[in-house]
1. If we count other beta carbons within 10 Å of each Cβ, what is the order of 228, 258, fewest first?
2. Once R0 is set to 56 Å, what does the formula 1/(1 + (r/R0)^6) return for the Cβ-Cβ distance between residue 311 and residue 214, expressed as a FRET efficiency to the nearest 0.05?
3. Cα-based Rg of the stretch 1-144 per 2.2 N^0.38 Å, rounded to two decimals?
4. Expressed as a fraction of 2.2 N^0.38 Å, the rule-of-thumb size for a compact globular protein of N residues, what is the C-alpha radius of gyration of the stretch 171-330?
5. Work out Dmax and Rg for the stretch 19-96 from the C-alpha atoms and quote the Rg first, both in angstrom.
6. With a 10 Å Cβ neighbour count serving as the proxy for reagent exposure, in which order, fewest first, do 132, 165 appear?
7. For the stretch 113-201, list log₁₀ I(q)/I(0) at each q in 0.11, 0.17, 0.21 Å⁻¹, using the Debye formula over Cα point scatterers of equal strength and ignoring solvent, two decimals each.
8. Against the empirical 2.2 N^0.38 Å scaling, what ratio does the C-alpha Rg of the chain come to?
Amino acid sequence: MPEFVTFSRNVFIPVTNICRNHCGYCTFRRDAGHPEARLMNISEIRQILEKGEKAGCTEALFVFGEYAEEVPEYLLELEKLGYSSTVEYVADLCELAIEIGLLPHTNAGILTQHELEILKPLNISMGLMLETTAELKAHSESPGKAPSTRIEMIRTAGKLQIPFTTGILVGIGETKADRKRSLNVIADMHREFGHIQEVIIQNFMPKPDTPMADHAPPSKEEMIETVSIAREILPDDVAVQVAPNLIDPYILIKAGASDLGGVSPTTIDWINPEAEWPDVIELQRMTKEIELRERLPIYPQHIKKGWYSSNLSDLIETLTDKNGFKRKQQ
Ligand code: SF4
């Protein structure tokens, strides 16, 4: 068993739920024109950031549907906010988060090298789930889920030295061999570029009113096996992350998980809104005798390597202890 497991405190900001993809399990996306389709404005986002900062969060997690710009109605809404591209808007949101005292982490789906270059100096880390290297029915209407496209973006983030989160989604129709292949691809990218901080092993959860509503979720045994395979395949400096609001983390820590991802005291998990985040006391109860250690959305090894821009250095200095974890509040 590990001596400790890590987690971070974040605010989850679903900036837009308009998305060009149609994944078979998704309840997050909305079509333009749907009453729940949204593009959040700056004042709504400012309120969330300020509340999170007061609650002790260190991470502003900005989440987007992918390339909503392909949807004309979205572009019109963006223009009303004064922006001509999503990346321009994200850059301003990141600056706002930094001003308020939170470290931005953006997951906006597929981004080009040019877009990553714009966002790198304003993000402490970024993310994109690989999900799987297999071609699956779940992704048949999702051009952005083509494995080669996702691998290319994760590689580009590596070339740019962006501390990075990725992961696999378990139980969406892939085989055990597919899972191993996906994890090996991630491990190889990390060996080449050294940028992967954590790999999420996320269990698929069937949701009502989706094409995969009747598709069985992975069993507890499959999850234990996948976490243990991940631990074997991934280099030692890459954390295996599991989501404590989706599955009992203790059995997975025993199998090799070492990180519990971001939990939020002030916002919900917009991807799995039915699954409440545990608070820190509950998290410690779940992990039993294993110490919980709070980290930032950048891991100690990347702080040590100086993989962050001068825009973020004051915040890093204020928020970290001498080992690169979150400084304890006085
Ligand atoms: S890319 Fe993300 S938001 Fe878009 S449909 Fe797939 S899971 Fe949903």
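1. 228, 258
2. 0.75
3. So the Cα radius of gyration is 1.10 times the expected 2.2 N^0.38 Å.
4. After normalising by residue count via 2.2 N^0.38 Å, the value is 1.13.
5. Cα radius of gyration and Dmax of the stretch 19-96 are 13.6, 38 Å respectively.
6. Ranked by crowding around the Cβ, least crowded first: 132, 165.
7. The calculated log intensity ratios at q = 0.11, 0.17, 0.21 Å⁻¹ are -0.29, -0.68, -0.98.
8. 0.93
None of the figures in this text is laboratory data; all of them are computed from the coordinates on show. The model shown is predicted, which means the values in this text are computed figures rather than measured ones. Cβ coordinates were reconstructed from backbone atoms using ideal geometry, including for glycine residues, and neighbour counts include every protein chain displayed.
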